[in-house]
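Working notes for the structure below.
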There are 2 protein chains.
Amino acid sequence: MALPNGPVTTSSQAEAVLFDLVDAYDRAYEAAAAELSLTPAQACLLGRLDQRRGMGALAEELGCDASNITQIVMRLEALGLVTREPNPRDRRARLVARTPRGDEINQRFATAFTFARTAVGRLSPDEQDQLTALLRKALG
Amino acid sequence: MALPNGPVTTSSQAEAVLFDLVDAYDRAYEAAAAELSLTPAQACLLGRLDQRRGMGALAEELGCDASNITQIVMRLEALGLVTREPNPRDRRARLVARTPRGDEINQRFATAFTFARTAVGRLSPDEQDQLTALLRKALG
DNA sequence: CCGATTACTTTAGTAGATCAAGCATTAGTC
DNA sequence: GACTAATGCTTGATCTACTAAAGTAATCGG
C-alpha cells in the first residue's frame with residue numbers, strides 16, 4: 001500500500017492529524033516488513049500465529065477471502081516461516097503454525113516496527129492514558 | 001488492503017487502541033471507496049486533484065513510482081473521472097484534472113467516508129483539541 | 001547543436017484480493 | 001447406514017497495485 005488513504009476534504013484539525021497518524025503508521029508498517037523482505041500482508045499474518053490457527057479462522061479474523069489466506073500462507077511456507085499441519089480432529093482442516101525461523105522473523109519484525117512504540121513513548125504516562133481514553137471514545 | 005497492519009506484540013493499551021484506530025480507518029476508507037466502485041488508490045488519487053497536477057507531482061506526493069500513477073490515472077481516465085491534458089509549457093508533461101463527473105464522485109466519496117468525521121464528532125470541542133495536541137506530540 | 005536530464009510510458013513480473021468452481025470430509029437427517 | 005447438505009480448504013481466472021528496467025520524447029545546459 002503505497003498510496004495513503006488520504007482525506008478528500010479535511011474539515012477539522014483533528015481529522016487532519018488523524019489522517020497523518022494513519023498514513024505514518026501504515027508507511028512504517030510497510031517499511032518494517034520490507035526490512036525483513038516481507039510484504040505487509042505476510043508480516044500481518046505471521047503476527048497472528050502466536051498459537052496455531054486454521055485457515056478459516058485467519059480469513060475471518062483478517063476479514064478477507066479464504067483463498068487469499070491460502071496464497072499468503074503458501075508463500076510464507078515457501079519461505080520456511082510457517083507450516084501447514086493436518087488437523088487430527090478434522091481432516092479437511094489445516095493448522096497453520098510458525099516455524100522456529102518464523103518465530104525469529106516475527107520477533108525481528110516486532111523490533112523493527114517501532115512506530116507505535118515510539119509515538120506512544122513521546123507521551124508521559126498520564127498523556128498516554130488520556131490518548132487511550134480519547135481514542136476509545138472516538139471509536140465509539 | 002484487506003489485511004490489517006496489526007500488532008505483533010501489543011505492549012501498552014495506547015498502542016493497542018492506536019492499532020484499532022488505524023485498522024478501522026483503513027477499512028472504512030476502503031468500504032467508502034467500494035461504495036462508489038473505486039479502489040482505495042483511485043479514491044485517494046481522485047482526492048488530490050482539487051487543482052490539476054502533473055504525474056510526477058502526484059507520484060512524489062503519494063510516495064510511489066511514477067509508472068504506478070500512470071496506470072491508476074489510466075483507469076480513472078477510462079472511468080471518465082479524470083483527463084490528462086498536455087501541459088502547454090512543457091510538452092513532456094501532462095496535467096491530470098478531474099472531470100465534472102470526477103468532481104461529483106469525489107464529492108460523494110467525501111460524503112461516504114464518514115469515519116474520521118464521526119470519530120472526531122464523538123468528542124467535545126475541548127477533547128478534539130486535546131486529541132489533536134496529543135497526536136501531534138506523539139507524531140514527533 | 002549536442003549531451004544530459006526530466007517527464008512520462010511501456011513492459012514484465014510479483015503480490016494481494018475477490019469470485020466461482022471444485023474436492024474432500026464431516027454433519028445432519030431419514 | 002446411506003444420502004444430502006454444509007464445511008474447510010484449494011484451484012483457476014481476473015483484477016488492481018506496485019516495482020524495476022528500459023524506452024521515448026522534450027527540455028535544458030553548455
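Taking amide H as placed 1.01 Å from N in the peptide plane, A:Val82 has its amide H under 5 Å from the amide H of A:Glu77, A:Thr99, each at least 5 places away in sequence or on another chain. The same position B:Ala66 in the other copies lies at 4.6 nm from this copy, comparing label points 7 Å beyond Cα toward the beta-carbon, shortest first.
Exposure proxy for B:Leu49, B:Leu131: other Cβ atoms within 10 Å of each Cβ, ordered fewest to most, give B:Leu49, B:Leu131. For A:Leu139, B:Leu135, A:Leu18, the sequence from fewest to most other C-beta atoms within 10 Å is A:Leu139, B:Leu135, A:Leu18. Amide hydrogen proximity for B:Gly54: with H placed 1.01 Å from N in the peptide plane, the residues at 5 or more positions away or on another chain lying under 5 Å are B:Val96.
Using Cβ point charges alone (K and R +1, D and E -1), the dipole size of the stretch B:51-140 about the Cα centre works out to roughly 320 debye. Along its three principal directions, the equivalent ellipsoid of chain A from the Cα gyration tensor extends over semi-axes of 33, 17, 16 Å, largest first. Around B:Leu49, with a cut-off of 10 angstrom between Cβ atoms, what is the net charge of the other residues, counting Lys and Arg +1 and Asp and Glu -1? My count for the surroundings of B:Leu49 gives +2.
Size descriptor for the protein assembly as shown, Kirkwood hydrodynamic radius: 20.4 Å (Cα pairs only, one decimal). Listing A:Arg89, B:Arg84 from fewest to most neighbouring C-beta atoms within 10 Å gives A:Arg89, B:Arg84.
A simple spin-label model places the labels of A:Ser67 and A:Arg89 2.9 nm from each other, with each point 7 Å out along Cα-to-Cβ. Binning the C-alpha pair distances of the stretch A:26-95 at 5 Å intervals from 0 yields a P(r) profile of 4, 16, 27, 25, 18, 7, 3, 2, 0 %, listed from the shortest bin outward.
So, R0 is 25 Å and r is the distance between the beta-carbons of B:Glu77 and B:Asp103; what FRET efficiency does that work out to, to 0.05? Computed FRET efficiency for B:Glu77 and B:Asp103 comes out at 0.95.
Since every read-out is calculated from the coordinates, none of them should be taken as a lab result. All values reported here derive from a predicted model rather than from experimental measurement. Virtual Cβ from ideal backbone geometry, glycine too; neighbours counted across all protein chains shown.
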